[in-house]
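A.B. asks: One structure coming up, written as structure tokens, with questions to follow.
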Amino acid sequence: MNMKKGNLEIEVFDTRHEMGEKAASDITKAMKAALSQKKEINVIFAAAPSQNEVLDALVNSEVEWNRVNAFHMDEYIGLDANAPQSFGNFLTEHIFGKVPFKSINLIHCGSDDPEGECDRYANMLEKHPADLIVMGIGENGHIAFNDPWVADFNDAKKVKTVQLDNVCRQQQVNDGCFEALEKVPIKAITLTCPVFIHAPKLFCIVPGKTKANAVNRTVSGSINEECPATILRTHPSAKLYLDCESAALL
């Protein structure tokens, strides 16, 4: 099933596998098109179990990965650098360690200077602006760790520290990443909303019944920071990939 809301293209699939395969195919085409115009490109990836299918499919895609600089969009503060819940470690396991990127640029969760780490990563993004972003949506409608109470569509910063709300933290438990809410870090580093707004192409992959309400709000709600993902409807080139469970309320 295909539909459109505002500028946002929406495609619904029967299974997560079909969703991931189609998203990866579209992302691969976009990377190849960008590489036909540029010597190298910059791609930002989300780290979450919701991205497993698309990342698995991308690993098997025929892309000149040695011309792609990889970035990610958020990271916990205070987590041990070797913790499996680190988003950098998640992406290393699922894609960064499986294909030969030109460079892999991680946010350091173990930094003892989070504000300095924000500045360092923002400078890297300034020098390597994203050509496309592979992303998801949180249960509270967040993009990256821009939860509703800290999201700002006109944020002056590219990267900032945030305190995570309990809905966001509980999602990490629901996803099986942590055993209990008290184990989930309270603070994180995140790319801000303008990074997404200004990226040329967005590919948003959102499966699962726990995301159905957030998807419905994204597609049908008012465009504001109360559901940060609603900004996707204003983007000139964004596509939302759903399975039948996440699309159940549309």
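The values are calculated or read from the model by the stated rules, or taken from the named source; none is laboratory data. Since we're looking at a predicted model, the values are computed, not measured. Cβ: placed from backbone, ideal geometry, glycine included. Neighbour counts: every protein chain shown. All accessible areas refer to the heavy atoms of the entire protein, side chains included, with ligands and DNA or RNA removed. Shrake-Rupley method; radii C 1.70, N 1.55, O 1.52, S 1.80 Å.
A.B. asks: For the range 194-199, in order, what is each residue's ³J(HN,Hα) by Karplus, 6.51 cos²θ - 1.76 cosθ + 1.60 with θ = phi - 60°, in whole Hz (x at glycine and Pro)?
C.D. replies: Result, ordered by residue: x, 4, 6, 4, 9, 5 Hz.
A.B. asks: Given the options Ser86, Ser25, Ser222, state which has the largest fluctuation in a GNM of the chain using a 10 Å cut-off (strictly under) for Cα springs.
C.D. replies: Ser222
A.B. asks: While we're here: Would the chain count as rounded, prolate or oblate if I go by the C-alpha gyration tensor, calling it rounded below 1.5 in a/c and otherwise prolate when a/b exceeds b/c, oblate otherwise? Please report the intermediate quantities before stating the final value.
C.D. replies: On the way: a/c = 1.30, a/b = 1.04, b/c = 1.24.
Rounded, because the longest to shortest axis ratio a/c is under 1.5.
A.B. asks: Give the relative contact order (percent, whole number) for the chain; include only Cα pairs under 8 Å separated by 6+ residues. Let's see the in-between values first.
C.D. replies: On the way: 534 pairs, mean separation 63.7, N = 250.
Reported as a whole number, the value is 25 percent.
A.B. asks: Sequence neighbours fewer than 8 away in the same chain don't count; with that in mind, list the aspartates and glutamates whose C-alpha is under 13 Å from Lys158.
C.D. replies: Reachable aspartates and glutamates: Asp74, Glu115, Glu117, Asp119, Glu126.
A.B. asks: Please give the contour-minus-distance gain from Asn224 to Arg67: 0.36 nm per residue of separation, less the Cα-Cα distance, rounded to one decimal in nm. Before the final figure, lay out each step's value.
C.D. replies: On the way: separation 157, 0.36 × 157 = 56.52 nm, distance 3.60 nm.
Once the chain is fully extended between Asn224 and Arg67, it gains 52.9 nm.
A.B. asks: Ordered by residue, what ³J(HN,Hα) values in Hz, to whole numbers, does the range 25-40 give under the Karplus form 6.51 cos²θ - 1.76 cosθ + 1.60, where θ = phi - 60° and Gly and Pro are x?
C.D. replies: So the Karplus estimates, Gly and Pro as x, are 4, 5, 5, 4, 4, 5, 5, 5, 5, 5, 5, 6, 10, 9, 5, 8 Hz.
A.B. asks: Which residues make up the longest stretch of the chain clear of GluC sites (Glu not before Pro) that lie in a DSSP loop with no more than 10 other Cβ atoms within 10 Å, not counting the sites? Each step should come with its number before you reach the end.
C.D. replies: Numbers: sites that count: Glu62, Glu179.
Here the longest segment lacking exposed loop sites spans 63-178.
A.B. asks: Tally the DSSP beta bridges in the chain and give the antiparallel ones as a percent, rounded to 5.
C.D. replies: Antiparallel bridges: around 35 percent, rounded to the nearest 5.
A.B. asks: Oh, and also: At 1.4 Å probe size, with every protein chain present, just tell me what the per residue accessible area of the chain comes to in Å². Kindly include the intermediate steps, with their values, before the conclusion.
C.D. replies: On the way: 10820 Å² over 250 residues.
Per residue, the chain has 43 Å² of solvent-accessible surface.
A.B. asks: Which length gain, in nm to one decimal place, applies between Ala33 and Ala180 when the Cα-Cα distance is subtracted from 0.36 nm times their residue separation?
C.D. replies: 48.6 nm
A.B. asks: Further question on the same structure: Helix-only mean residue ellipticity at 222 nm, the chain, DSSP H runs n ≥ 4 weighted -39,500 (n - 2.57), per residue, nearest 500. What is it? Intermediate values should be presented prior to the final figure.
C.D. replies: On the way: 7 runs with 71 residues, N = 250.
Using -39500 (n - 2.57) per qualifying helix, the result is -8500 deg cm²/dmol.
A.B. asks: Pull out a ≥ b ≥ c, the square roots of the eigenvalues of the alpha-carbon gyration tensor of the range 140-250, then state rounded if a/c is under 1.5, prolate if not and a/b is larger than b/c, and oblate in the remaining case. List each step's numbers first, then the result.
C.D. replies: On the way: a/c = 1.87, a/b = 1.08, b/c = 1.73.
Since a/c reaches 1.5 but b/c is at least a/b, the shape of the range 140-250 is classed as oblate.
A.B. asks: Next question, about the same structure. Looking at the range 116-250, what % of its DSSP beta bridges pair antiparallel, to the nearest 5? Intermediate results must be reported in sequence, preceding the final value.
C.D. replies: Numbers: 6 of 15 bridges.
Here the share of antiparallel DSSP bridges comes out near 40 percent.
A.B. asks: Is the range 1-101 best put as rounded, prolate or oblate by its Cα gyration tensor, with a ≥ b ≥ c the root eigenvalues, rounded for a/c under 1.5, and otherwise prolate when a/b is larger than b/c, oblate when not?
C.D. replies: It is oblate, given that a/c is not under 1.5 and a/b is not larger than b/c.
A.B. asks: Taking the Cα centre of the range 1-79 as origin and charging only Cβ (+1 Lys, Arg; -1 Asp, Glu), how large is the dipole, in debye to the nearest 20?
C.D. replies: Numbers: 9 positive and 13 negative charges, 78 e Å.
The dipole of the range 1-79 has a size of about 380 debye.
A.B. asks: Mind listing the phi-derived Karplus ³J(HN,Hα) values for the range 106-119, rounded to whole Hz, using 6.51, -1.76 and 1.60 with θ = phi - 60°, and x for any glycine or proline?
C.D. replies: Per-residue couplings from phi come out as 9, 7, 8, 5, x, 4, 8, 9, x, 5, x, 5, 4, 5 Hz.
A.B. asks: Further question on the same structure: Pull up all non-local amide H partners of Ile107: gap of 5 or more, or a different chain, and H-to-H distance under 5 Å with H placed in the peptide plane.
C.D. replies: His72
A.B. asks: So how far apart, in nm, are the two label points at Asn60 and Asn2 if each is 7 Å from Cα heading toward Cβ?
C.D. replies: 2.4
A.B. asks: Which of the trypsin sites (Lys or Arg not before Pro) found in the range 116-225 are in a DSSP loop and have at most 15 neighbouring Cβ atoms, other than their own, within 10 Å? Please report the intermediate quantities before stating the final value.
C.D. replies: Working: sites: Arg120, Lys127, Lys157, Lys158, Lys160, Arg169, Lys183, Lys187, Lys201, Lys209, Lys211, Arg217; in loops: Lys157, Lys158.
Of the trypsin sites (Lys or Arg not before Pro), the ones in loops of the range 116-225 whose Cβ has at most 15 other Cβ atoms within 10 Å are Lys157.
A.B. asks: Report the residue, chosen from Ala229, Ala130, Ala33, that carries the largest GNM mean-square fluctuation when the chain is represented by alpha-carbon nodes joined by springs under 10 Å.
C.D. replies: Largest GNM mean-square fluctuation: Ala33.
A.B. asks: Once the dipole of the chain is set up with Lys and Arg at +1 and Asp and Glu at -1 on Cβ about the Cα centre, which of Ala144, Ala199, Phe87 lies farthest towards its positive end?
C.D. replies: About the Cα centre, the residue reaching furthest to the positive side is Ala199.
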